[in-house]
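What follows is one structure encoded as structure tokens, with my remarks underneath.
The values are calculated or read from the model by the stated rules, or taken from the named source; none is laboratory data. Everything quoted here is computed from the prediction, not taken from an experiment. With ideal geometry, Cβ positions are generated from the backbone for all residues, glycine too; neighbour counts draw on all protein chains shown. For the accessible areas, the whole protein counts, side chains as well, though only heavy atoms, and no ligand, DNA or RNA atoms are used. Shrake-Rupley method; radii C 1.70, N 1.55, O 1.52, S 1.80 Å.
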Amino acid sequence: TIFGTESVKKLPKDPARVFTLLDNYFRLRLADGKRMALVVDYAETVVPMNEAGSASAEDRAALVTLQKWAHDPLLLRSDFTLVLVAENLNDLSRSFIQSPYNAELNITFPEKDQREGFINWFLGGDRRARFDALSDVSDEVLAQNTAGLGYVQLRSILADVLENERRLTFDVLSAKKKELIEAEAYGLLEFVETPYTLEMVAGHSEAKAHLRAAAEAIKSGRPDVMPMGYLISGPVGTGKTFM
């Protein structure tokens, strides 16, 4: 803890004064041989991308401070790390991104094997037996059907089962995934569920059998038996679009 509760209430809110305070603090602690790291989340709000000459005084002051830190002799020879986190690199100041003193690290969504490895790690010890008793979904199926989720979202699914003792079925997993992705998109993305099912399609038994087999393959974690797509042809009015 750097500051006490009362001190936090008295901290300045404007970026210029905050950076000045942090700069003094870092230099005092580094002079004492301390190891320091500063992580700035939502970095696009601190050094946003602006057209030349359109940046506010606060944005320019923050950019200058961060640029100075990047090649400050004291910080370079000390154990000091500055990390700025942003969802999109294009949202940050172009001059800051192009600085030779900064390195870009792109963190992608984990692949299936990585998600499965995380599941095995998280369920280590006594968690494994508890989870297996509450889950109808295998690790492989869970990893296969959580594409597009990060480790934090995957952990929330596992923790919900363990801590709240909620049974994990394939339908629950699908609903949870949609909820997490919609929340990550800040309400700009919505999954629309159709009220119709294949039971409402008259005839077309062979086409429906293919689609049902695909659904079972997804639930069983067998994408390898899935075709790349389906070509449904037929005269106008035979129910292709509805199906």
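Measuring with a 1.4 angstrom probe and ignoring ligands and nucleic acids, Tyr101 comes out at about 130 Å² accessible. Using the Cβ-Cβ distance between Ala209 and Glu179 with R0 set to 22 Å, the FRET efficiency works out to roughly 0.10. Over all pairs of different C-alpha atoms, the range 31-80 has a mean inverse distance whose reciprocal, the Kirkwood radius, equals 12.6 Å.
Using a simple spin-label model with pseudo-atoms 7 Å out from Cα toward Cβ, Asp79 and Arg130 lie 3.5 nm apart. Taking the Kirkwood radius as Rh and the Cα radius of gyration as Rg, the range 198-242 has a ratio of Rg/Rh equal to 1.01.
For the cross-link pairs Lys178/Lys219; Lys176/Lys219; Lys177/Lys219; Lys176/Lys208; Lys208/Lys240; Lys177/Lys240, the ones whose C-alpha atoms lie over 18 Å apart are Lys176/Lys208; Lys177/Lys240.
Assigning unit charges at the beta carbon (Lys, Arg +1; Asp, Glu -1) and nothing else, what dipole magnitude in debye, to the nearest 20, does the range 56-173 show about its Cα centre? Charge dipole, the range 56-173, about its Cα centre: 320 debye, nearest 20.
Taking all Cα pairs closer than 8 Å and separated by 6 or more residues, the relative contact order of the range 129-243 comes to 28 percent. Heavy atoms only, probe 1.4 Å: what % of the accessible area of the range 176-229 goes to carbon and sulfur, would you let me know? Roughly 59 percent, rounded to a whole number. With both labels modelled 7 Å from their Cα along Cα-to-Cβ, the Val225 to Asn106 distance reads 3.6 nm.
Under a no-solvent Debye model with one identical scatterer per Cα of the range 109-243, what's log10 I(q)/I(0) at q = 0.10, 0.18, 0.19 Å⁻¹? The calculated log intensity ratios at q = 0.10, 0.18, 0.19 Å⁻¹ are -0.43, -1.09, -1.16.
For a paramagnetic label modelled at 7 Å from the Cα of Glu190 toward its Cβ, which residues of the range 124-158 fall within the zone defined by backbone nitrogen distances under 13 Å? The answer is none, because no backbone nitrogen lies closer than 13 Å to the label point.
Rolling a 1.4 angstrom probe over the protein heavy atoms with all chains in place gives the chain an accessible area of 69 Å² per residue. Tell me the angle of helix 151-164 to the major Cα principal axis of the chain, expressed in degrees between 0 and 90 and rounded to the nearest ten. Between helix and principal axis, roughly 70 degrees. Measuring how big the chain is from its alpha-carbon positions, Rg and Dmax come out at 25.9, 81 Å. How big, in percent, is the set of alpha carbon pairs in the range 165-243 lying more than 14 Å apart? Summing the P(r) of the range 165-243 above 14 Å gives 74 percent of all pairs. Note on Asp113/Glu58: beta-carbon distance plugged into 1/(1 + (r/R0)^6) with R0 of 45 Å gives a FRET efficiency of 0.50. Here the label points at Asn88 and Ile232, each 7 Å from Cα along the C-beta direction, are separated by 3.4 nm in the simple model. Nearest 10 degrees is fine. How inclined is helix 112-122 to the longest principal axis of the chain, computing both from alpha carbons? On a 0 to 90 degree scale, this one is about 70. Its alpha carbons give the range 74-186 an Rg and a Dmax of 18.6, 56 Å. In plain terms, the bigger the Kirkwood radius, the slower the diffusion; for the range 63-130, with that radius from Cα pairs, at 25 °C and 0.890 mPa s, Stokes-Einstein puts D at 158 µm²/s. Helix 15-31 and the longest principal axis of the Cα set of the chain meet at an angle near 70°.
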